[in-house]
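S.K.: A single structure is presented below for examination.
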Amino acid sequence: MAKFVPDVTTNRWVIIAEGRIKRPSDVKPGTGVDKFCIFCPGYEKIPGVELYRTPDGEPSTVGWKVRVIANKYPITDFHEVIIHSPDDVLDLDKLSLDQVHQVLLTFKERFNYNAKNGHVLIFNNVGEAAGASISHPHSQLVVIPKQINLDTLAFEPVMNVIEESSHFCVFCPEFSQWPFETWIAPKNRGKYFGETSAEEVSDLAAVLQNTLRRLITHLTRGSHFHPGVPAVVFKNGPAYNFYIYHGQDWYIRIIPRLIHRAGFELGTGLSVNIIDPADAAVILKEEIK
């Protein structure tokens, strides 16, 4: 069970979750050990208790498109793993649009299912630099008790727009704390993520996939690499985090992991962004194949 430790002087909290140290990770190349993935079809009985799947079927069997399991090494008392697809390699930027839609529908279903238990945070870690311990594409859902104050950003004004759809706007906020930080915000404001309509979820699937493709393409050396920012590229494959804001006025915040926080940032609480958000938006606007 997680232990919540308050700092009464700052009203901040720390979660003590000792079980996290036991969580598994993929076998590193060159170790001489054959890798198998516990999130792949055929290993359904290994990783954890199944909580949800689509399409509906017999738990812990093959035949699923998206699968949700209880995290064996939880941060809090409610911690779920959302496995994006049976494919061990393809992630949201490369899966079929229908599969991305299924993932987002699962996000919404699990958000609403867990809302009674506290603040629901859905997040995604891609790449070792972003904290991913298992490479099979997946997201996570964690529930934090309501009495815990979350130090997350409120909705930022829409500036430096990259693209718009019928229901969403993609932009780089002026307050961006990270290089190429990108937000996806619904035009219909004042709602929780779990209140998104079917039409909005369908639109979001295309917008999220296209946004990730833009970031990965423009931040990877190749035909779309930008010589003006040689120090900030994905050197060992994509590495980014995103999360869905837990409260009203929800948004998706995508953070490419291009730099490390060092002593100045840790000692002051200030962020140093080496790319102007306006310049980032101009770069990300460029069309990709």
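FYI, it's all coordinate maths here, none of it is from the lab. Remember, predicted model here, so these are calculated numbers, not experimental data. Here Cβ is always computed from backbone atoms with ideal geometry, including for glycine, and neighbour counts include all displayed protein chains.
S.K.: Name the residues of segment 68-96 whose amide N is less than 18 Å from a point 7 angstrom out from the Cα of residue 4 along the C-beta direction?
M.R.: From segment 68-96, the list is 74-80.
S.K.: Still on this structure, please answer the following. When each pair of different Cα atoms in segment 143-289 is counted once in the 1/r mean, what is the Kirkwood radius in angstroms, to one decimal?
M.R.: 16.3 Å
S.K.: Same structure, new question: Using a Förster radius of 22 Å, what is the FRET efficiency between residue 13 and residue 117 based on their Cβ-Cβ separation? Nearest 0.05, please.
M.R.: The pair residue 13/residue 117 has a calculated efficiency of 0.85.
S.K.: Right, something else. Taking Cα atoms of segment 50-178, Rg/Rh with Kirkwood Rh, to two decimals?
M.R.: 0.98
S.K.: Restricting attention to the chain, give the cysteines that have no other cysteine Cβ less than 4.7 angstrom from their Cβ.
M.R.: 169, 172
S.K.: Here's something else I'd like to know. Which order, highest average first, do 155-164, 44-53 follow once you tally other Cβ atoms within 10 Å for each residue and take the mean per peptide?
M.R.: 44-53, 155-164
S.K.: On to the next question. For the chain, what does the relative contact order come out to in percent, with C-alpha contacts under 8 Å and a separation of six or more?
M.R.: RCO, the chain: 17 percent.
S.K.: I'm spelling it out carefully: the read-out is semi-axes √(5λ) of the Cα gyration tensor in Å, the candidates are (i) 32, 22, 19; (ii) 28, 24, 22; (iii) 46, 20, 16, and one was derived from this structure. Which label?
M.R.: Matching entry in (i) 32, 22, 19; (ii) 28, 24, 22; (iii) 46, 20, 16: (ii).
S.K.: Calculate the spin-label point distance for residue 188 paired with residue 288, positioning each point 7 Å from the Cα along the beta-carbon direction, and give it in nanometres.
M.R.: It works out to 2.8 nm between the two label points.
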